[in-house]
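Working notes, beginning with the structure itself.
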Amino acid sequence: MRYEAPTTVDKAVALLAGEKGLAFVLAGGTDLLVRMKSGYLEPDLIVDIKRITRLRRIRAEGGGYRIGAAVSSAELGEHKAVRRLWPGVVEAANLIGSTQIQGRATMVGNLCNASPAADSVPALAAAAAIVTIVGPNGRRDLPVDEVATAPGKTSLVPGEIVESILLPARPPRSADAYLRFIPRTEMDIAVVGAGVSLTLDETGVCQEARVSLGAVAPRVLVVKEAGDALVGSRLEAFALDRLAEAASAACRPIDDKRGTREFRVKVAGVLARRAAVIALERARSKR
Ligand SMILES: Cc1cc2nc3c(=O)[nH]c(=O)nc-3n(C[C@H](O)[C@H](O)[C@H](O)COP(=O)(O)OP(=O)(O)OC[C@H]3O[C@@H](n4cnc5c(N)ncnc54)[C@H](O)[C@@H]3O)c2cc1C
């Protein structure tokens, strides 16, 4: 196995595109190295992207923030401006693993590992985040919910890497929240995850809302009907009921030892509702 640690994105792409065997990007390694140590994977080439300076930066862009693919969850959690604008995205990223894992793990690694239960992905999808992908044929942008296509599978083609995630500019009185259900208090895989992002007008009426669910389908779900249920309301009980119903109705979960189908369907509605109320309180506090 060959290990390379280039210092530019172009070199990383050239290395990946030129490899005939099995090639993987290494970001934090908290998924990749575990799979290698367990004998599931034996790459011919590993391209470590942590030495590429521009992938380690968080930059303001057009009123939003661009987060480099090699920024760790811990670094993200220390960024005050991103925390203020996107508290739900940051809380999701900061739920991943332990303090040790946080120092290594990246949101892009979480996304490209393509687990249906990845914690940061529903929050990013609710935030309408866009990823920038670089490959042998240049750059392209893709909504975050179109990166993972099935468990363990992404829409990236050989030689492509995710360069960054853009959290776009948002109007005043906007906020988000992420909640997950796990059987333990921490260090566990989400049985259900729910992200909600919303914007209020100056009178407190919801102008825009996006609701996203994790771990209840083969890939993250953006549930349009659930977001639409909040628009035009002040998140009164009837609107929250409709949101919860739409969220539950969209689920297509597996049935396993951590949660039955019925349980996951029910909990998806409950968590989406609770996340919406938290996002509402956060948006109100920005008045
Ligand atoms: C003890 C422990 C606890 C954990 N707890 C959680 C948890 O609570 N919630 C959760 O969601 N996950 C959890 N995880 C899983 C893991 O930590 C996360 O998925 C993490 O975000 C992966 O990021 P990484 O940078 O370490 O990815 P890596 O392991 O470096 O990469 C993961 C995959 O993504 C690919 N990849 C990485 N970066 C790029 C890129 N820029 N472009 C293209 N492909 C790329 C890699 O090739 C690999 O296939 C846990 C893992 C451990 C070991």
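If each of Glu186 and Asp10 carries a label point 7 Å out from its Cα toward its Cβ, how far apart are those two points in nm?
Label at Glu186, label at Asp10, 4.3 nm between them.
So what's the back-of-envelope 222 nm ellipticity for the chain, counting only DSSP H runs of four-plus at -39500 (n - 2.57) apiece and dividing by all residues, rounded to 500?
Working: 11 runs with 94 residues, N = 287.
My calculation for the chain gives -9000 deg cm²/dmol from helical runs alone.
Lys and Arg at +1, Asp and Glu at -1: add these up for the other residues within a Cβ distance under 15 Å of Gly259 and post the number.
Working: positive: Arg180, Arg184, Arg252, Lys257, Arg258, Arg261, Arg264, Lys266; negative: Asp188, Asp255, Asp256, Glu262.
Summing Lys/Arg as +1 and Asp/Glu as -1 gives +4.
Quick one: compute the contact order of the stretch 97-205, relative version, from alpha carbon pairs under 8 angstrom and 6+ residues apart, as a percent. If you can, show how the numbers build up before the last one.
Numbers: 175 pairs, mean separation 31.6, N = 109.
Relative CO of the stretch 97-205 lands at 29 percent.
Quick one: which of Lys20/Lys50; Lys37/Lys80; Lys80/Lys286; Lys37/Lys266; Lys153/Lys257 span more than 27 angstrom between C-alpha atoms?
Lys37/Lys80; Lys37/Lys266
Which of these, Lys153, Lys11, Lys257, has the largest mean-square fluctuation under a Gaussian network model of the chain (Cα springs below 10 Å)?
The residue that fluctuates most here is Lys257.
Can you list which of the GluC sites (Glu not before Pro) found in the stretch 1-101 are DSSP loop residues with at most 13 other C-beta atoms within 10 Å? Write out the running numbers ahead of the final one.
Details: sites: Glu4, Glu19, Glu61, Glu75, Glu78, Glu91; in loops: Glu19, Glu78.
Sites meeting the loop and neighbour criteria: Glu78.
Need one number: nm distance between label points at Ile101 and Arg139, each 7 Å from Cα along Cα→Cβ, rounded to one decimal.
3.2 nm
Among the chymotrypsin sites (Phe, Trp or Tyr not before Pro) in the stretch 1-106, which ones are in a DSSP loop with at most 15 other Cβ atoms within 10 Å of the Cβ? Mind listing them?
Numbers: sites: Tyr3, Phe24, Tyr40, Tyr65; in loops: Tyr40.
Passing sites in the stretch 1-106 are Tyr40.
Once you charge only the Cβ atoms, +1 for Lys and Arg and -1 for Asp and Glu, what is the size of the charge dipole of the stretch 14-55 about its Cα centre, to the nearest 20 debye? Display every interim value, and only then the final one.
On the way: 6 positive and 5 negative charges, 37 e Å.
Dipole of the stretch 14-55, to the nearest 20 debye: 180 debye.
Using the alpha-carbon atoms, what tilt in degrees (0 to 90, nearest 10) does helix 261-284 show relative to the longest principal axis of the chain?
80 degrees
In whole Å, what are the extents of the stretch 121-235 along the principal axes defined by its C-alpha atoms, from largest to smallest?
Computed over the Cα atoms, the extents are 49, 37, 24 Å.
Considering only C-alpha atoms, what is the centroid distance from the stretch 255-284 to the stretch 120-193, in Å?
Each part's Cα centre sits 19 Å from the other's.
So how tilted is helix 237-250 from the main axis of the chain? Cα-based, degrees 0 to 90, rounded to 10.
Around 40 degrees separate the two axes.
With +1 on each Lys and Arg Cβ and -1 on each Asp and Glu Cβ, and nothing else charged, work out how big the dipole of the chain is about its Cα centre, in Debye to the nearest 20. Display every interim value, and only then the final one.
Numbers: 40 positive and 32 negative charges, 98 e Å.
Charge dipole of the chain: 460 debye, to the nearest 20.
Set the Förster distance to 30 Å, then compute FRET efficiency between Thr132 and Lys257 from the Cβ-Cβ distance, nearest 0.05. Intermediate results must be reported in sequence, preceding the final value.
Working: r = 38 Å, r/R0 = 1.28.
The value I calculate is 0.20.
Read the figures in this text as sums done on the coordinates, not as results from a lab. Model, not experiment: these values are computed from the prediction. Here Cβ is always computed from backbone atoms with ideal geometry, including for glycine, and neighbour counts include all displayed protein chains.
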